[in-house]
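Asks: Take this structure first; my questions come after.
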Amino acid sequence: EGHIEGSRLLPLQALMQRVEELPKDQPIVFVCRSGNRSQVACEQLSRLGYENVTNFEGGMIAWKRAGLPTR
C-alpha cells in the first residue's frame, strides 16, 4: 500500500507493547489501510489518557485516491 513520508510503522498488535514510544504532548494520527484498525488504535490510546489522537478516515485507500504521495 505504501507509506506516508515521515510516518512510523506501528502495527496494532504491537501498540500496547510499544505505547511508551508515543508522546502524550503531541498530536498522533493513525493511518491503516482502510481506517478500521487505526480507529481501534485511537480508542486504545484514549483509554490510556491520550487526548490528541486522530484516525485518518479512509486510511491509505483514501490517501492514494486523493493522489497524495507515498514512498
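The values are calculated or read from the model by the stated rules, or taken from the named source; none is laboratory data. Note that the coordinates shown come from a computational prediction; the quantities given were computed from them, not determined experimentally. Don't worry about glycine lacking a Cβ; one is built from the backbone with ideal geometry, like all the others, and counts go over all protein chains shown. Keep in mind that these areas ignore ligands, DNA and RNA; they rest on the heavy atoms of the full protein, side chains included. Shrake-Rupley method; radii C 1.70, N 1.55, O 1.52, S 1.80 Å.
Asks: For residues that are acidic (D, E) and under 24 Å from R71 (Cα atoms), tally how many sit in the stretch 1-60.
Replies: First pass over the stretch 1-60, keeping only residues acidic (D, E): 1, 5, 20-21, 25, 43, 51, 57.
Adding the requirement that they be under 24 Å from R71 (Cα atoms) leaves 1, 5, 21, 57.
Residues flagged as acidic (D, E) and under 24 Å from R71 (Cα atoms) within the stretch 1-60 amount to 4.
Asks: Further question on the same structure: Looking only at the stretch 4-35, count every residue that is touching a helix residue (DSSP H, G or I) at 6+ places or on another chain (Cβ under 8 Å) and either open to solvent by less than 50 Å² (accessible area, probe 1.4 Å) or closer than 17 Å to G58 by Cα (or both) and tell me the total.
Replies: So the answer is 13.
Asks: Between a first residue in the stretch 42-71 that is on the phi > 0 side of the Ramachandran plot and a second residue that is in a helix (DSSP H, G or I) and open to solvent by less than 40 Å² (accessible area, probe 1.4 Å), which pairs have beta carbons less than 9 Å apart while being 6 or more apart in sequence or on different chains?
Replies: G59/S38
Asks: Sort out which residues of the stretch 48-59 are within 18 Å of E21 (Cβ to Cβ) and open to solvent by less than 60 Å² (accessible area, probe 1.4 Å), and write them in order of number.
Replies: Here is the first cut: in the stretch 48-59, the residues within 18 Å of E21 (Cβ to Cβ) are 48-54.
Within the stretch 48-59, G49, Y50, V53 meet the criteria.
Asks: In the stretch 23-44, which residues are touching a Leu at 6+ places or on another chain (Cβ under 7 Å) and aliphatic (A, V, I, L, M)? Break it down into steps so the answer makes sense when it comes.
Replies: Applying the first criterion (touching a Leu at 6+ places or on another chain (Cβ under 7 Å)) to the stretch 23-44 yields 28, 37, 40-41, 44.
Correct list: I28, V40, A41.
Asks: Please state which of the following conditions A62 fails to meet, knowing it meets all the rest: (1) surrounded by fewer than 17 Cβ atoms within 10 Å (Cβ to Cβ); (2) in a loop (DSSP other than H, G, I, E, B).
Replies: Every listed condition holds for A62 apart from (2).
Asks: What single numbered condition from (1) open to solvent by 60 Å² or more (accessible area, probe 1.4 Å); (2) under 13 Å from the mean Cα position of the chain (by Cα); (3) of a type in the set (A, V, I, L, M) fails to hold for A41?
Replies: Result: A41 fails condition (1) only.
Asks: OK, next. Just need a number here: residues in the stretch 11-41 that are among the hydrophobic types (A, V, I, L, M, F, W, C) and more than 13 Å from N52 (Cβ to Cβ).
Replies: 9
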